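Student: Before I ask anything, let me first share the structure, which is written out below as structure tokens.
The values are calculated or read from the model by the stated rules, or taken from the named source; none is laboratory data. All values derive from a computational prediction rather than experimental measurement. No Cβ is skipped: glycine too gets one built from the backbone with ideal geometry, and neighbour counts run over all protein chains shown.
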Amino acid sequence: MPEDAEPATSTPVRAIGLIEDHESVAIGLATILAEVPDLSLVVTASTVQDLLPRIDELDLVVLDLRLGDGSSPMSNVTTLHEHGKPVLAFTGAENPYLVRSAARAGVLGVVRKSEPAHAVVEAMRMAAAGQQVVTTDWAAAIDGDPQLPDVGLSPRQQEVLALYASGEKAARVAHLTGLAEQTVHDYLGRIRQKYSEAGRPAPTKTDLFKRAVEDGWLPIPEHREP
């Protein structure tokens, strides 16, 4: 090699781990990445716990938000972050609650499974490099519905609202949160006041449930066939 020639550089290969419990989706992604020289799918698992033995090998974890073990996106993303791994959500995006939960947990982006292969690859490439993947779904999850004014609940108020609106009595909410029961009532009064000031009144417990679903603090109820 001539002395003034620069050595050839190669693009680093990023190791990807996929958490997905639908075999067909896993096979599809493996097929896509087989043609991508800088991304390598090194492990596929159906749960976070199944992936952990090989997590040190990975540069990025691609996570399905609805898993058969019933785990939540928040807890799964938190566990993966505790092991120092960035996470990209890979989802059908049919449930806004799951998407919002993942966004709030700190995923680098949310990518639909229905996206074209080149878009999925580019999102994974960016996330594996530590870059934010800004998509419409991710932005919507962070910003919420622009037609629903933000009421500015504190984290503690969000916790009280979610518990109470899900069906717990004030005394039970107090026990679960470590607050005095009167403090819970005070929180609920302030929460109702904030919703009223935002033009979204919630005088009843049913109304509070609706507001909690609208704002992503509770999941949308699933309709069951009779």
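Student: Does the range 83-93 contain at least one residue that is in a strand (DSSP E or B), under 24 Å from ALA162 (Cα atoms), modelled with pLDDT of 85 or more and among the small types (Gly, Ala, Ser)?
Tutor: yes
Student: For the list (1) over 27 Å from ASP215 (Cβ atoms); (2) at pLDDT 95 or above, I need the number of the one condition that GLU35 fails.
Tutor: Here GLU35 meets the rest and fails (2).
Student: Can I ask one more? Hey, can you tell me all the residues within the range 202-217 that are outside any helix (DSSP H, G or I) and modelled with pLDDT of 90 or more?
Tutor: Residues satisfying the conditions are ALA202, PRO203, THR204.
Student: Being more than 30 Å from VAL42 (Cα to Cα), at pLDDT 85 or above and either hydrophobic (A, V, I, L, M, F, W, C) or touching a helix residue (DSSP H, G or I) at 6+ places or on another chain (Cβ under 9 Å) (or both) narrows it down to one of LEU148, LEU179, LEU108, so name that one.
Tutor: That would be LEU179, the only listed residue that is more than 30 Å from VAL42 (Cα to Cα), at pLDDT 85 or above and either hydrophobic (A, V, I, L, M, F, W, C) or touching a helix residue (DSSP H, G or I) at 6+ places or on another chain (Cβ under 9 Å) (or both).
Student: Additional query: Going by the conditions given, is GLY189 under 20 Å from PRO201 (Cβ atoms) and modelled with pLDDT of 95 or more?
Tutor: When the stated conditions are applied, GLY189 passes them.
Student: Within the range 43-74, work out how many residues are farther than 18 Å from ALA89 by Cβ and either among the basic types (Lys, Arg) or in contact with an Asp or Glu (Cβ under 6 Å, 6 or more places away or on another chain) (or both).
Tutor: 1
Student: Right, next: For the structure I just gave you, tell me whether LEU65 is surrounded by 23 or more Cβ atoms within 10 Å (Cβ to Cβ) and over 13 Å from GLU20 (Cβ atoms).
Tutor: No: the conditions fail for LEU65.
Student: Another one. Please find, within the range 118-145, the residue that is modelled with the highest pLDDT out of those that are outside any helix (DSSP H, G or I) and within 15 Å of TYR97 (Cβ to Cβ).
Tutor: Per the stated criteria, the residue is GLY144.
Student: Of all residues being surrounded by fewer than 20 Cβ atoms within 10 Å (Cβ to Cβ) and among the hydrophobic types (A, V, I, L, M, F, W, C) in the range 152-173, which is modelled with the lowest pLDDT? Just the residue, please.
Tutor: Among those that are surrounded by fewer than 20 Cβ atoms within 10 Å (Cβ to Cβ) and among the hydrophobic types (A, V, I, L, M, F, W, C), it is ALA162.
Student: Is at least one residue of the range 96-104 small (Gly, Ala, Ser) and exposed (fewer than 15 other Cβ atoms within 10 Å of the Cβ)?
Tutor: No: zero hits.
Student: Criterion first (in contact with a His (Cβ under 7 Å, 6 or more places away or on another chain) and surrounded by 14 or more Cβ atoms within 10 Å (Cβ to Cβ)) does ILE32 satisfy it?
Tutor: No: the conditions fail for ILE32.
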